[in-house]
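Report on the following structure.
The values are calculated or read from the model by the stated rules, or taken from the named source; none is laboratory data. It should be emphasised that the depicted structure is a prediction, and the values quoted were computed from it without experimental measurement. Here the Cβ is made from the backbone with ideal geometry for all residues, glycine too, and neighbour counts use every protein chain on show.
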Amino acid sequence: MNRDYQKMWLDLGLDLNAHDSLLSSLETGYRDFFLNRKNRPEEMAYLDFVMSEVHGLRIKELLNAKASGRKVIGSFCVFVPEEIVLAADAIMVGLCTGADFAMAEVEKILPRNTCALIKSAFGFKLSKVCPFLEAADLVVGENTCDGKKKAYEQFKQLQPNLYVMDLPQQKTDIGREHLQSEYQRFLTAVEQLTGVEITAERLRHGIDLSNKKRAALARLARLRAADPAPISGLDALLINQVAFYDDPVRFTGAINKLCDELEVRIRNRSGAAPDGAPRILLSGCPMAVPNWKIPWLIEKAGAVVVGEESCVGERGCRNLVAETGTSREELMAAIVDRYFKIDCAVFTPNPERESHIVEMSRALKADGVVHYGLQFCQPYIIESMPLEDRLQKQDINFLRIETDYSMEDVGQLQTRLEAFIEIIS
Amino acid sequence: MRCAGIDLGSRTIEVVIIEDGKVVVSRQTETGFSPVEQAEKLLAGEHCDRLLATGYGRHLFADTYDRKTETVTEIKAVAVGTRFMFSEADLILDIGGQDAKVIALMPGGRVSKFEMNDRCAAGTGKFLELTAMSLGFPLDQLGQEALKAEKELQINSMCAVFAESEVTSLIGRGENRHDIAFGLHRAIANRAVSMLKRFPVAGARIAFIGGVAINPCVCRLLEEELQTALLVPANPQMVGACGAALIAAQAI
Ligand code: SF4
Ligand code: SF4
C-alpha cells in the first residue's frame, strides 16, 4: 500500500504508528487472500489498485472534493439512502468495521459481549486509524439492533458530527410512514449540510447513479450462477465491499467491464474454481473490509462461494428505485419503497428473508447455505435457528457458524466447513 | 494393498493400517509438543500404499510430513470408522480431549448433520483431566472411583475453570471426593445428552466413541439417561484413524 501520504494522514489527525500497523496487516491479508491466488479475472486489477490506494488516492480525492465545497457523508448501514446524498452532490462512504482494533480501549466503553462489528467501529475511531471517518463531514448512525442503537449514544461523544436516523422495526403502514419521515428529515439535514437544494431533477440524478451501480452489482451476482463459477467468492465479496467507498460512476464502469470479461469466461467454461466444485451461498451478518475469514476458509477447502445473502452483497444491492416519478415527493416515495424491502434481521417478523434465501440458493444452484453470525449478534443468530429447521425441511443443506474477527477459531471453523463441504459434495 | 489412516488429535495420535479389509496395525501415542514428529515415529518402518490424515492436526501433518498426503475431516473419518464397527449405528457421540461432537448418519452411512461444541473445553476430556487432578485420582481410574460414590452432588458449572473452583469449595465443605467426582461425571453426561437431544434420539442406536468413552461412569450415566445401551468399541480412540484408513482403501 502506498505510504506517500504521511502529511495528508497527519493533517487528518491520524495516529501514524497505529495507522501503519493497520496498513501492514491489511497488506499481508490482501496479499495472502487475493494477490497470491490464481485464476482471477484480469479486470480484478482495478480492485487491486483501488485497495492499494484505499487510504491514499481515494482519500486525496475526498479531500480535493471537500476543498471544492463538496461534503463527505459516512454510513454504517445499507438503510442510509445513498440517492439523497448523491442528489446533493455529496460523497457517500461506507465505514468499514471488519477488524479488531484497540480492543482493550474499546472494552472500557463497551461491554465485551458486544458484536465485533460495533466494537470495530469504536476501535477505528479510538485509535485514529480511519481516514474516512476523519474526513467525513457527517456520520450517519441508525437505530437498528439494540447494540448499535445504544452504542451510538457513546459514539456521539467521540464523533460529534454523528447524525442518528431512526428506523422502523416492523413492515407495517406505520413503519413505512416512519421510514418516510426519517428519510425526509435526512434529506433536510443533507440540504443543510451541503447548502444544496435537492430538487426533483437532482434526486432523479442521484437515483440514476445508485441504480446503475446496483444494476452492475446485480449483473455480477447473476453471472455467478454459472458452473463453473466465473469468479471466486472472495473476489466478489471484495467488489461488494469496495462498492461502499469507491466513486460510484467509475466503479460502475469497472464492474460492467469485469462482467463483460466474466461473460467470456463463462462461454469458455473457464472458472475460478474447478468444474463441479461444491457451491455455497453465504448468508447472515455483513462482512466489512477486511473481514474475509469465512469465504477464505470455504474456498481453501475446495468449494466456491456463489452468493452473499448479506448487506455487503445481495441485501445491499437488490432492488432498484423506480424512476417513473416526476415530483420530489414521488421520487422520495419510490426511494422509501426500495429501502422498505430490505430484509434485515432487525425487522420483526422477517419472513421475506427466508423465502429470499431459498430463491437465491435455487437461482445460484447452491449445494448448501452457510449462515454466518457474528458472536453476540442477536437478530441474526436468533433468526438462524428457525431458518435452519425450515430450510432443511426444504432439502437445503444448512450450516450455522458463529464467529468474530479473531483468528483463534480458524482450526475449528475449518473442520466444520470442510465437514459440511464433504456432506454436500 | 496396505492403507493407513492417521488421526492427529489434541491429546493423542493414532495410526491404523488396513490390509484386505482387516486391521493389521493399530497404534497410539501422546500428541506432545510436536505432533508431526510424534506421528512420524508412529509411522516409522511401516510401508503403506496410501495414507490419509484426519484430526485437528491433519493439515499441519499434510503440509510438513508429505505434501501428497490427503486429508479428511474427523467428522467423516469417525462416521466411516463407526459404521465399520457397528453397521447399525445412526448417531455418533464423540467426546475427545478438547471437543465434543454429535454426528447423524443416513441409512447408507453418509453424514447428514453434525454439531460440535464451541471453542471451550466444557464437557470434554480436558474437563475430566482437570477434575482427576484436583481430586487426586489417576485419570485412568477416575471413572471407577466416581462409581464408588454414595451420594450425588450437584455441580453447576460446566466450564473447566469454574468447575475447579466449585470442586475446591466442595472439598472445603468436607465432601467426599468420590461423590464430587460422580457429580462431575453427571455434569458431562447431561451436557452430552443435551447435545444429542438436538437430533432424533428416540429409538436411535447411538455409538459412543473418543477418549471419554473409556470412562465407565460416563458410559453408565449416559445409558441411564438415554435409556438405551450404547455401542462402545473396544478401543474408542482408534475410530477416526480406522475410518481414515478405510476411506483411503475405498478410494483406490
Ligand atoms: S444487517 Fe441490518 S443493521 Fe446491519 S447493515 Fe444491514 S441493514 Fe443495517
Ligand atoms: S452484526 Fe448484528 S449485532 Fe452487530 S451491528 Fe449488525 S445487527 Fe447489530
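The residue that is farthest from the other protein chains (Cβ to nearest Cβ), among those in the stretch B:105-119 that are surrounded by fewer than 19 Cβ atoms within 10 Å (Cβ to Cβ) and not in a strand (DSSP E or B), is B:Pro107.
Say whether the condition of being surrounded by fewer than 16 Cβ atoms within 10 Å (Cβ to Cβ) and within 14 Å of another protein chain (Cβ to nearest Cβ) is met by at least one residue in the stretch B:120-137. Write out each step before concluding.
First pass over the stretch B:120-137, keeping only residues surrounded by fewer than 16 Cβ atoms within 10 Å (Cβ to Cβ): B:120, B:133, B:136.
The next check asks that each one be within 14 Å of another protein chain (Cβ to nearest Cβ); those that pass are B:120.
For the stretch B:120-137, residues surrounded by fewer than 16 Cβ atoms within 10 Å (Cβ to Cβ) and within 14 Å of another protein chain (Cβ to nearest Cβ): present.
Per-residue answers, yes or no, for (1) over 15 Å from A:Asp235 (Cα atoms); (2) in a helix (DSSP H, G or I):
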residue	(1), (2)
A:Glu261	no, yes
A:Gly276	yes, no
A:Ile280	no, no
A:Pro286	yes, no
A:Ile294	no, yes
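Go over the candidates A:Ala65, A:Ala88 one by one and state the one that is in contact (Cβ under 8 Å) with a residue 60 or more places away in the chain and away from ligand 2 (no atom under 16 Å from the Cβ). Even if it seems obvious, please write down each step before you answer.
Numbers: A:Ala65 fails: in contact (Cβ under 8 Å) with a residue 60 or more places away in the chain.
Checking each option against the conditions leaves just A:Ala88.
Being among the polar types (S, T, N, Q) and more than 17 Å from A:Leu133 (Cα to Cα) is the filter; apply it to the stretch A:19-64 and report the residue that is surrounded by the most Cβ atoms within 10 Å (Cβ to Cβ). If you could, list the steps in order and put the result at the bottom.
In the first step, residues of the stretch A:19-64 are kept if they are among the polar types (S, T, N, Q); the result is A:21, A:24-25, A:28, A:36, A:39, A:52, A:64.
Checking the rest, the ones that are also more than 17 Å from A:Leu133 (Cα to Cα) come to A:21, A:24-25, A:28, A:36, A:39, A:52.
Values: A:Ser21: 14, A:Ser24: 11, A:Ser25: 13, A:Thr28: 10, A:Asn36: 8, A:Asn39: 12, A:Ser52: 16.
Looking at the filtered set, the residue picked out is A:Ser52.
If you filter the stretch A:124-153 down to residues that are part of a helix (DSSP H, G or I) and within 14 Å of ligand 2 (Cβ to nearest atom), you find that the one that is surrounded by the fewest Cβ atoms within 10 Å (Cβ to Cβ) is A:Asp146.
Of the helices (runs of 4 or more DSSP H) entirely within the stretch A:167-255, those holding at least 2 residues that are over 25 Å from A:Glu309 (Cα atoms) occupy A:173-194, A:200-223.
Looking at this structure, is B:Arg58 within 12 Å of chain A (Cβ to nearest Cβ) and either free of Cβ contacts under 8 Å to residues at least 12 places away in the same chain or out of contact with any Gly (no Cβ under 9 Å at 6 or more places or on another chain) (or both)?
Against the criterion (within 12 Å of chain A (Cβ to nearest Cβ) and either free of Cβ contacts under 8 Å to residues at least 12 places away in the same chain or out of contact with any Gly (no Cβ under 9 Å at 6 or more places or on another chain) (or both)), B:Arg58 qualifies.
Can you tell me which residue within the stretch B:76-99, out of those that are outside any strand (DSSP E or B) and touching a Ser or Thr at 6+ places or on another chain (Cβ under 7 Å), is nearest to the other protein chains (Cβ to nearest Cβ)? Applying the filter and picking the extreme gives B:Asp99.
Looking for whichever is in a helix (DSSP H, G or I), farther than 26 Å from A:Leu220 by Cα and within 14 Å of chain B (Cβ to nearest Cβ) here; the options are A:Leu417, A:Leu413, A:Leu387. Which one fits?
Of A:Leu417, A:Leu413, A:Leu387, the one residue that is in a helix (DSSP H, G or I), farther than 26 Å from A:Leu220 by Cα and within 14 Å of chain B (Cβ to nearest Cβ) is A:Leu413.
State whether one or more residues within the stretch B:12-21 are modelled with pLDDT under 95, closer than 30 Å to B:Lys113 by Cα and touching an Asp or Glu at 6+ places or on another chain (Cβ under 7 Å). Checking the stretch B:12-21: at least one residue is modelled with pLDDT under 95, closer than 30 Å to B:Lys113 by Cα and touching an Asp or Glu at 6+ places or on another chain (Cβ under 7 Å). Apart from one condition, B:Val102 fits all of (1) assigned to a strand (DSSP E or B); (2) within 12 Å of chain A (Cβ to nearest Cβ); the exception is (2).
Quick check on A:Val346: is it within 16 Å of ligand 2 (Cβ to nearest atom) and of a type outside the set (D, E, K, R)? So A:Val346 passes the test.
Being within 16 Å of ligand 2 (Cβ to nearest atom) and of a type in the set (Asp, Glu) is the requirement here; does A:Glu308 meet it?
Values: within 16 Å of ligand 2 (Cβ to nearest atom): yes; of a type in the set (Asp, Glu): yes.
Against the criterion (within 16 Å of ligand 2 (Cβ to nearest atom) and of a type in the set (Asp, Glu)), A:Glu308 qualifies.
All conditions but one from (1) crowded, with 19+ Cβ neighbours inside 10 Å; (2) in contact (Cβ under 8 Å) with a residue 40 or more places away in the chain; (3) away from ligand 1 (no atom under 16 Å from the Cβ); (4) small (Gly, Ala, Ser) apply to A:Ala363; the one that does not is (1).
Please enumerate the residues belonging to the stretch A:369-384 that are surrounded by fewer than 20 Cβ atoms within 10 Å (Cβ to Cβ) and over 21 Å from A:Ile298 (Cα atoms).
So in the stretch A:369-384, the residues surrounded by fewer than 20 Cβ atoms within 10 Å (Cβ to Cβ) come out as A:375-376, A:378, A:381-382.
Matches in the stretch A:369-384: A:Phe376, A:Gln378, A:Ile382.
Of everything in the stretch B:1-30 that is in contact (Cβ under 8 Å) with a residue 40 or more places away in the chain and among the hydroxyl-bearing types (Ser, Thr, Tyr), the residue that is surrounded by the fewest Cβ atoms within 10 Å (Cβ to Cβ) is B:Ser26. Residues in the stretch B:80-100 that are crowded, with 22+ Cβ neighbours inside 10 Å and under 13 Å from the mean Cα position of the chain (by Cα): B:Gly81, B:Thr82, B:Ile92, B:Leu93, B:Asp94, B:Ile95, B:Gly96, B:Asp99, B:Ala100. If you go through the stretch A:269-285 one residue at a time, do you hit one that is farther than 30 Å from A:Asp173 by Cα and within 16 Å of ligand 1 (Cβ to nearest atom)? So far as the stretch A:269-285 goes, yes, one or more of its residues are farther than 30 Å from A:Asp173 by Cα and within 16 Å of ligand 1 (Cβ to nearest atom). Only one residue in A:Arg353, A:Arg362 is within 16 Å of ligand 2 (Cβ to nearest atom), away from chain B (no Cβ under 14 Å) and among the basic types (Lys, Arg), so which one is that? Result: A:Arg353 is the single residue among A:Arg353, A:Arg362 that is within 16 Å of ligand 2 (Cβ to nearest atom), away from chain B (no Cβ under 14 Å) and among the basic types (Lys, Arg). Taken over the stretch A:390-399, the criterion of being closer than 30 Å to A:Asp146 by Cβ, within 11 Å of chain B (Cβ to nearest Cβ) and surrounded by 18 or more Cβ atoms within 10 Å (Cβ to Cβ) is satisfied by A:Phe398, A:Leu399.
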